[in-house]
Amino acid sequence: MATASKSSKRRLEIVENNENSAEVDDIIEAQVSDNADDSTDEESSEYSGLEDDEEDDSDDEEDNSDWEEGSDEDEEEGDEVHNMSTNEDSEDDTADDKVVPTAVPITQDGPSTSTAQLPAPPVEDEYAYDSSDEEDLRNTVGNIPMNWYDDYPHIGYDLEGKAILKPKRGDEIDNFLRKMENPESWRTVYDPQTGQDVILSNEDVDLIKNVMGSRIPDGSYNPYEPWVDWFTNEVMETPVTGRPEHKRSFIPSRVEAIKVGRMVHAIKMGWIKPRVAKDTSVERHKYYLLWNADDKSEDVRRIENPIPAPKPRLPGHAESYNPPPEYTFSEREINQWNRLAETPYQRKFPFIPKRFSSLRAVPAYDRFARERFVRCLDLYLCPRAKKMRLTIQPEDLVPQLPKPRDLQPFPTVCSMIFKGHKGLVRTISHDPSGQFFISGSDDQTLKVWEIATGRCFKTFEVKGTVRCVSWCPNASIALVAAAVDNNVYLINPGVGDRLVQAKTDEILKEMPAQTDYLIPQRVRAVLTWNEPDKAQWDSGFRVTLTHFKAVKHVAWHSKGDYFSSVMPEGDNRSVLIHQLSRRRSQLPFSKSKGLVQCTLFHPLRPYLFVATQRHVRVYNLLKQELTKKLMTGAKWISSIAVHPGGDNILVGTHDRRLCWFDLDLSTKPYQALRHHGQGIRAVAYHKRYPLFASGSDDCSAIVSHGMVYNDLLKNPTIVPLKKLRGHAKFDDFGVFDVLFHPTQPWLFTSGADATIRLYT
Amino acid sequence: MAALKRTLLNDEGQIQVRFVTKQEKYALPEAPFSIPSGIKADSLSVLVNNLLRETHESGWDEVDFDFLVCGEFVRLPLIEHLKLKDINTEVTVEVEYLERFPAPEPEDSLNHDDWVSASHCFKDWILTGCYDNTLHIWKTDGTHKSTIPGHCGPIKGVRWIEVTGSTATFASVSHDQTVMLWKMNLETYAIECVHIGRGHERSIECVDVDKNSSFLATGGWDNMLKIWSATSDSNSTNEIDDGEKEKGCSIGSGKSLRRTPLMTLPGHKEAISSVVWTENNEIFSSSWDHTIKLWDAELGGLKSEIVGNKSFFCISRSPLNQTLITASADRHIRLYDARSQEGSIVKATFTSHVGWVSTVCWSTTHERLFVSGGHDNILKLWDSRSPKAPLYDMTGHEGKILCADWSNPSIIISGATDNTLKIFKSEV
């Protein structure tokens, strides 16, 4: 019985499917192939119903297929009939047929035809009505706007592909007349699918009324039926039945086990293929977030640190449809706008503001799509993450220098002013003990000063401008060398140790005998050693060296026996080295090296530093060769100073630069300081303290800390400390010479304003 | 009085003070007063005078008072002073008052031919040294008694050694590297060079004499401290035919008495700027090498050392409180206690000068008073309890002050580069 009913049911389904689609075979096949995995109750019941072998199944299928083929043909015929009838219906029964729902052709005619053909009528009750929502599609064009067929005589195609011709509608007058005449016109609706008028039944009208009134569409449904509580939700003290559960409710079903075993076997044998589970993890299109941060997930970032989207520029007056005249383009602006066609981003506006009489006159905006695109680009390319930018200030890159406060002592205030000269004070030099210093001035005098009180002790009159004075660094000789025009005077200053003064006089009284020595011709042409006359001797002059050109610089060797004099115009004879004890001189260079500015002796080793206009040459006096040539990079060197250790030299230049050379490092400046506003006139090192100073034409002297370490790996520390002002400008000259006290951290500066200042 | 004596009146602007004094004659009843907190020293003085007038029935002469709170003079409004000293203003503050030291009055200006670089006063005799190589003897009344040529370099230090009966001896040191011992007849002003001490290799900066007037200590630019005999008798002199006599240095007769140092104390690395001989036969010497050394004069050894951070130009030691004040190459005067074992701790710094301080000198009678002169042309009178401001500024000099002396308690003298020696009368 069960089998019979099932098969009939299946047939029925097939019939219905037949009606719906032409590809019946495919469906059947699909159903058959679905049999294996389709765990619908039909099949389980089928299995449970008959416990037979597999052949049964295969028979069944064969049966089905056979039967289906036959029914296929039947259906086609039926369909034709059915179509015909509907056509007739629509044409004829529009007026009189009262109960004509929209689905009339299917609900009434379709099943009736199929049932008529079906051999088993008992199932009619079960399927008396079609509960499916599917519409009977007579027209196969699908869900398209039907006005596409306005211009055609047909309205679509039926299931067989034949054109459905439009029924005759008549003109508006006909319609109107028909409407007037027909009392059912209020319930006549036009079916665009078929192009026919359909008269709604009373049920339909009620239905529509209910739907429109937001009521339950089915009028017969009573929403207020009394509630029958079949199964109480209350848990009762005692169950209705106290029967223990049956054994089979907890023993695994043997039948099912057999069934499962059979299916497993079938899978093993490859008869049925288990459906491959859809791999949901692999999406067909894999998208990933382009700007995802590595450290933090994007979701968290969006919450914690949201970055607002870039704001589009708001329209201004120029965007107005009626912009003020100042925003509209003048002739010149239009020209400019046109000129920037190549580089549109340079234009003032991306459009030309135009005036319109009213908003209605505004045409479509031709840049709309472009601007939207640009806006999308803006959003698309806007930063998604805040980039942590390293804020490196320029100051951070400067090495940490100690504070000047920690580098005391150094001179800071002007403590004393030595007044007395009447002209520029070009040069100063201190005595070895630090009690006195001597100054040379343009007023043709040399003055010896007591440092502690500021007293001018002695004044030496000379005939000419004093270019350079240098106190002999050897404490056992009281001598000052002064370069005055063409002469270098050796003067006994008459201060300090009386015994030393007397000894110096004694040494210089007698010219040593030059018996076995013949003065070379070259030297003789340049220089003569002259004895002073009595008056000169009494006033302190001991020896005069007369050169053939103006002497600009004299410098003592630290031992006090040798000294050098420089005549910048002397060409290849510009540098002379004199030996005091033997009264001999020599010209160390045979070739001109340029304008020699000054020479200095190395404090410890037999080296001579010769500063020409651009370079400083270091000569080894023993080997008589050039050891080094220091490149200052300057146009004009004005002065040099040698560190008491001898490995560092300072070079001051007229082009405002102060270069520190470390002779161990390179021939390029270790550091160049540009703190002066004008050319540097003089530089000096302190003998004991790590200080150096430079004096400049800008009337200031700068004291700097310059620590030289014994450790060869440690470079000197250079810290500018203090700018000392005070000198007045005179004839564009400021400070001429700077000099450190030999023992105290005090600085002397001599200036063009005829004063010497002491800073402590 | 009643108005002032509003005790327990805790207005905001009021401070309770109790006036105390160590001077009997100015004693006040011991009762706290409530006074405005912003009061200054001169108002306080008027207040105390008023109080004293009420206690003394028989008239009262106005007296200027100075006020000490926490050992320091009140120079600011009282409340600021208390704040500075971090004193609680809620409790009664003890204010000590004392008669203000009277202002020194300029008395005389003694003109010289050159800078006055050294001066010393003994009773009413003033000895000055000048940069024109001469010594001058003056009376305190301003009469010039004698001009003594003899040195052939600027005088850097002078010192009376002793004045007995009609003769006086004094010493002078000079740039010419000699220390000279002179004898003067106080009646005839006949002056005789007794000895010439040679031994220093460079200029001598300073001289001092011991308490028995038998030794001299000198220091100079040769970094040596030398001790000489100061006796004028010829026993200890070695008569030498002076072959080294130099021109311009002719002293009376052709022969001179040369003396050599008894002791030479090396140790300083730079010039000795000042020496002080204490009553305990010790010598303090200050130097440009930033140290003050204490020497034992008998044994000739170094006893202790104070290291500063500036070179010292002058020191002075008070015989009353045994402390040292120093003048350095900056504008500060520093007070050291040489007896302390803690090392070189500056007890107080007195700052008011605007230039180098070249000279300092303690009072011989007041425990806390000293004078200082500097390159800013001002002579200042200080009380050691008032480090921020001096008691008095004594102006008048038009050049750098090079020397100052207060050996005679009644006069302060100072010599400067304006070629004058100024005498200020200080009431005692």
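We did not get these values from a lab; they are worked out from the coordinates using the rules stated. Here the structure is a predicted model, which is why all the values come from computation and not from measurement. Every residue, glycine as well, gets a Cβ built from its backbone with ideal geometry; the counts of neighbours run over all protein chains shown.
What the table below lists for this structure:
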| quantity | calculated |
| --- | --- |
| Linear extension gain, A:N143 paired with A:V260, 0.36 nm per residue minus alpha-carbon span | 37.6 nm |
| Rough spin-label spacing in nm, given labels placed 7 Å along Cα→Cβ, for A:I519 and B:V346 | 5.8 |
| Rounded FRET efficiency, nearest 0.05, which uses the C-beta distance separating B:L262 from B:E105 and R0 of 45 Å | 0.55 |
| Two-decimal ratio, the stretch B:105-425, of alpha-carbon radius of gyration to 2.2 N^0.38 Å | 0.93 |
| Relative intensity, log₁₀ I(q)/I(0), of the stretch A:315-356 from a Debye sum that treats every alpha carbon as a point, q = 0.13, 0.35 Å⁻¹ | -0.26, -1.20 |
| For chain B, calculated [θ]222 nm from helices alone, where every DSSP H run of n ≥ 4 adds -39500 (n - 2.57) | -1500 deg cm²/dmol |
| Size of the stretch A:688-730 as Cα extents on the principal axes (Å, biggest first) | 45, 16, 12 |
| FRET efficiency estimate (nearest 0.05) - Cβ-Cβ, B:E80 to B:E24, R0 22 angstrom | 0.10 |
| Set of lysines near A:K166 by C-alpha distance (under 26 Å), chain-local residues within fewer than 8 positions excluded | A:K98, A:K179 |
| Neighbourhood net charge (14 Å Cβ-Cβ; Lys/Arg +1, Asp/Glu -1) for A:K722 | +4 |
| Signed unit charges on C-beta, dipole axis of the stretch B:2-99, positive-most listed residue B:C70, B:Y26, B:W60 | B:C70 |
| Residue exposure sequence - B:E30, B:E398 - by fewest surrounding Cβ within 10 Å | B:E30, B:E398 |
| Between the stretch A:612-669 and the stretch B:323-376, the Cα center-to-center distance that results, in Å | 46 |
| Order of B:D222, A:D406, A:D206 - criterion: other Cβ atoms within 10 Å of each residue's Cβ, fewest first | A:D406, A:D206, B:D222 |
| Distant alpha-carbon pairs in the stretch A:373-506 (separation over 19 angstrom), percent | 65 |
| Only Lys, Arg (+1) and Asp, Glu (-1) charged, at Cβ; the stretch B:105-425 dipole about Cα centre in debye | 520 |
| Dipole axis of chain B (+1 Lys, Arg; -1 Asp, Glu on Cβ), positive-most option in B:G219, B:T128, B:L47 | B:G219 |
| For A:Y607, net neighbour charge (Lys/Arg +1, Asp/Glu -1) across residues whose Cβ lies under 14 Å away | +3 |
| Under 12 Å, Cβ to Cβ, from B:V207 - net charge with Lys/Arg +1 and Asp/Glu -1 | 0 |
| Per-pair calculated FRET efficiency, R0 = 51 Å: A:W186 and A:S357 via Cβ, rounded to 0.05 | 0.50 |
| Cα-based Rg of the stretch A:425-561 normalised by 2.2 N^0.38 Å, two decimals | 1.04 |
